[in-house]
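A quick write-up on the structure given underneath.
The values are calculated or read from the model by the stated rules, or taken from the named source; none is laboratory data. Source: prediction; values computed, not measured. Ideal geometry is used to build each Cβ from the backbone, glycine not excepted, and the neighbour counts take in all protein chains shown. Please note that ligands, DNA and RNA were not included when accessible areas were found on the heavy atoms of the full protein model with its side chains. Shrake-Rupley method; radii C 1.70, N 1.55, O 1.52, S 1.80 Å.
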Amino acid sequence: MKTIIKNIVLLTALSATLFSCSLEEENPGGFTMDALATSETTYEALINQTFFGMERQLYGTEFYMMYSEGNTDLWTSKANINSSNTQYFWFDAGASPNISHTLSLWYSIYDGIGACNQAIAKAPKVPFKTEAARNAKVAVAHFMRAVYYFNAVELFGGVTMMTEPSMATDYAPSRTAPLDIYKEVIIPDLEFAAEWLEKGTDATCTTPTKKAALGMLAKAYLQTHEYGTDEYQQKALETAQKLITDCESGGSNYGAYMYPNYKDVFAKDNNLANKEALWKHRWYAGTDGHGSSNGNWKLNRNDENFQCALSHFGAWTQSQAAIISYEYDKEGYFMPTQHLLNLFVQTDGSLDPRFHASFTTEWKANQNFTWDASTQANFNKDASVVGQKISSGELAYKIVMPQDADYSSEVANKASSKYLLVDYKDVYDDANRNVKMTLNGKENHFRYIYPSLNKHLSDNYYVANASKSRNGNLNATFIMRMPEVYLIAAEASIYLNNASQALNYINKVRSRAGAKALTGSPSVRTVIDERGRELCGEYCRFFDLKRAGLLTSSYLNETHPDLAQYFKAEYVVKPFPETFIQSISNGAEYQNPGY
């Protein structure tokens, strides 16, 4: 099996992985990877290493959230500003594509693949007491390798396929087609993991369990539809049905579960031992026995990603106290699009209950504030508000949707209310399906205050140094939840021409949420819309649009026109980083078209 050339000059951190490092080099300490295969205890170090690539740049990191949710119909950048994050929200806004921003992601994926290959290769040498014990342990490495390759092919397209450690180097690596990687690595690895991983408990975080493997297997089967085949859709349905049956019969086989109330899913008391999550990951920095996870600055910061720019109005300021509070976070990057918010409007004109459960629309002041003439003019207030005071702890911001019961009364008083009343119609333009950049002929300051996704909120921060505002938190990020399995079953059912079955699965998710049941014959678009309501902000949307064939100019023009103007067909995959491309002899051939 070929490996990609070791780039010594650039000092990459990919020993024994993407840039393979020979163990025949001088080794004064006498250590080899075989030393970790001498006992079950030492082998655990190899298994633990398979998670490092994930912690480095995947789930829970701000950039992976941008890769998996950005450049889609659901999100635009903060205040709809064409900012320095254009590669994540605006397809580079028409400028030459940035082909360096994927560097850490690319290396993280192949760090992980290399670690998994080592663990799988060394497993036969470990003196496990039984073959079943060996399979249960190495199944973790198979699971993680499938996860890394899933992200590799869905983000980059065809990549170099490596399934074993190699001491060789290749200055002209080849690329394997995504569907072939699914067939040869991703699906077999997940099938092995689904058979051999342990059931585990709800307290399990990083370590994948049997229900995680079944969920990811159903997801992988479904995703192959993107590549022009429905060969695996029956398996996607059957695998999802295993978890659904288990969920609805008490979870005795796999521990599958859905909370009866949607609000319970993201309650902070249900975070670390969340029963609905099929797989989750926890970061922690501290000294209470949990150990440290990749440095304070790399911990789960998803709670920071979605907060609106509260400091644009003077009743709130960023502080360490605000950072570690459950109600406040650092200002983030993700602003909901007009399309996302309108997905929550039901056919009868009411709001899907998941809207107010998933988005924060009211905030209290965290500092005293007095209205002045400049702020009064910026927010179109009556002159009578000048001099009025908002005390710390008082209501300072309130966003109202046209479907809210108090919408009319609130809007009637929005010019005179002491708190900042933000009318949805002052932020979003339904006619043009985008954000209003100007209002009444001047800059629209309301666009900085928008509904903020609260699924990732946490107050479990470990603050090692008060001067550092990004210390991370003791909380878990949910990589996959049980409702997604129902929606996988629904989408697979549509591909298998069983629309009535699909509707049943969709409505089970809606019923749990307290939303009104859908009727009629659902389409793939019906499922994709439902996934937007249920799973927004949960690492899915870029992959969903690709699979459903909706990452197109026509679809984005319908749902996110500001983004559609910059879309090109080649943007369905990301660029390979320039550092890597320059290190191989066939870089121009290897690079994705358009970059």
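Scan region 568-595 for residues that are part of a helix (DSSP H, G or I) and touching a helix residue (DSSP H, G or I) at 6+ places or on another chain (Cβ under 9 Å) and jot them down.
Result: Ala569, Tyr571, Val572, Glu578, Thr579, Phe580, Ile581, Gly587, Ala588, Tyr590.
Per-residue answers, yes or no, for (1) out of contact with any Leu (no Cβ under 9 Å at 6 or more places or on another chain); (2) in contact (Cβ under 8 Å) with a residue 24 or more places away in the chain; (3) open to solvent by less than 40 Å² (accessible area, probe 1.4 Å); (4) closer than 20 Å to Glu578 by Cα:
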position	(1), (2), (3), (4)
Glu62	yes, yes, yes, no
Ser68	no, yes, yes, no
Leu74	no, yes, yes, no
Lys125	yes, yes, no, no
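If we keep just the residues of region 55-99 that are among the hydroxyl-bearing types (Ser, Thr, Tyr) and in contact with a Ser or Thr (Cβ under 7 Å, 6 or more places away or on another chain), which is modelled with the lowest pLDDT?
The initial filter retains those residues of region 55-99 that are among the hydroxyl-bearing types (Ser, Thr, Tyr), namely 59, 61, 64, 67-68, 72, 76-77, 83-84, 86, 88, 96.
The next check asks that each one be in contact with a Ser or Thr (Cβ under 7 Å, 6 or more places away or on another chain); those that pass are 59, 76-77, 83.
Numbers: Tyr59: 86, Thr76: 97, Ser77: 95, Ser83: 75.
Among residues in region 55-99 that are among the hydroxyl-bearing types (Ser, Thr, Tyr) and in contact with a Ser or Thr (Cβ under 7 Å, 6 or more places away or on another chain), the one modelled with the lowest pLDDT is Ser83.
Kindly establish whether Ser84 is open to solvent by 10 Å² or more (accessible area, probe 1.4 Å) and outside any helix (DSSP H, G or I).
Values: open to solvent by 10 Å² or more (accessible area, probe 1.4 Å): yes; outside any helix (DSSP H, G or I): yes.
Yes; evaluated as a whole, the condition is true for this residue.
Within region 524-533, does at least one residue satisfy the condition of being touching a Ser or Thr at 6+ places or on another chain (Cβ under 7 Å), among the hydrophobic types (A, V, I, L, M, F, W, C) and at pLDDT 95 or above?
no
So, in region 348-366, exactly how many residues are in a loop (DSSP other than H, G, I, E, B) and either touching a Gly at 6+ places or on another chain (Cβ under 8 Å) or open to solvent by less than 50 Å² (accessible area, probe 1.4 Å) (or both)?
Within region 348-366, residues that are in a loop (DSSP other than H, G, I, E, B) and either touching a Gly at 6+ places or on another chain (Cβ under 8 Å) or open to solvent by less than 50 Å² (accessible area, probe 1.4 Å) (or both) number 7.
What do you reckon, is Asn497 modelled with pLDDT of 95 or more, part of a loop (DSSP other than H, G, I, E, B), surrounded by fewer than 18 Cβ atoms within 10 Å (Cβ to Cβ) and out of contact with any His (no Cβ under 6 Å at 6 or more places or on another chain)? Break it down stepwise before answering.
On the way: modelled with pLDDT of 95 or more: yes; part of a loop (DSSP other than H, G, I, E, B): yes; surrounded by fewer than 18 Cβ atoms within 10 Å (Cβ to Cβ): yes; out of contact with any His (no Cβ under 6 Å at 6 or more places or on another chain): yes.
Spelling it out, Asn497 is indeed modelled with pLDDT of 95 or more, part of a loop (DSSP other than H, G, I, E, B), surrounded by fewer than 18 Cβ atoms within 10 Å (Cβ to Cβ) and out of contact with any His (no Cβ under 6 Å at 6 or more places or on another chain).
Only residues that are among the β-branched types (Val, Ile, Thr) and touching a Leu at 6+ places or on another chain (Cβ under 9 Å): list them for region 552-584, please.
Thr552, Thr559, Val572, Val573, Thr579 - these are the residues of region 552-584 that are among the β-branched types (Val, Ile, Thr) and touching a Leu at 6+ places or on another chain (Cβ under 9 Å).
Could you say which residue among Ser100, Ser104, Ser108 is surrounded by fewer than 21 Cβ atoms within 10 Å (Cβ to Cβ) and in a helix (DSSP H, G or I)? Walk me through how you get there before you give the answer.
Working: Ser100 fails: in a helix (DSSP H, G or I); Ser108 fails: surrounded by fewer than 21 Cβ atoms within 10 Å (Cβ to Cβ).
Testing whether each residue is surrounded by fewer than 21 Cβ atoms within 10 Å (Cβ to Cβ) and in a helix (DSSP H, G or I) leaves just Ser104.
Somewhere in region 112-130, is a residue within 30 Å of Glu570 (Cα to Cα), under 21 Å from the mean Cα position of the chain (by Cα) and not in a strand (DSSP E or B)?
Yes, region 112-130 contains at least one residue that is within 30 Å of Glu570 (Cα to Cα), under 21 Å from the mean Cα position of the chain (by Cα) and not in a strand (DSSP E or B).
Testing Ala136 on (1) of a type in the set (A, V, I, L, M); (2) closer than 21 Å to Ser68 by Cβ; (3) assigned to a helix (DSSP H, G or I), one condition comes back false. Which one is that?
With respect to (1) of a type in the set (A, V, I, L, M); (2) closer than 21 Å to Ser68 by Cβ; (3) assigned to a helix (DSSP H, G or I), Ala136 is out only on (2).
Out of the residues in region 504-524 that are in a helix (DSSP H, G or I) and open to solvent by 30 Å² or more (accessible area, probe 1.4 Å), which is nearest to Leu243 (Cα to Cα)?
Among them, the one singled out is Lys508.
Every residue in region 367-390 that is open to solvent by 50 Å² or more (accessible area, probe 1.4 Å), over 14 Å from Lys414 (Cα atoms) and touching a strand residue (DSSP E or B) at 6+ places or on another chain (Cβ under 8 Å), please.
Within region 367-390, Asn368, Thr370, Gln388, Lys389 qualify.
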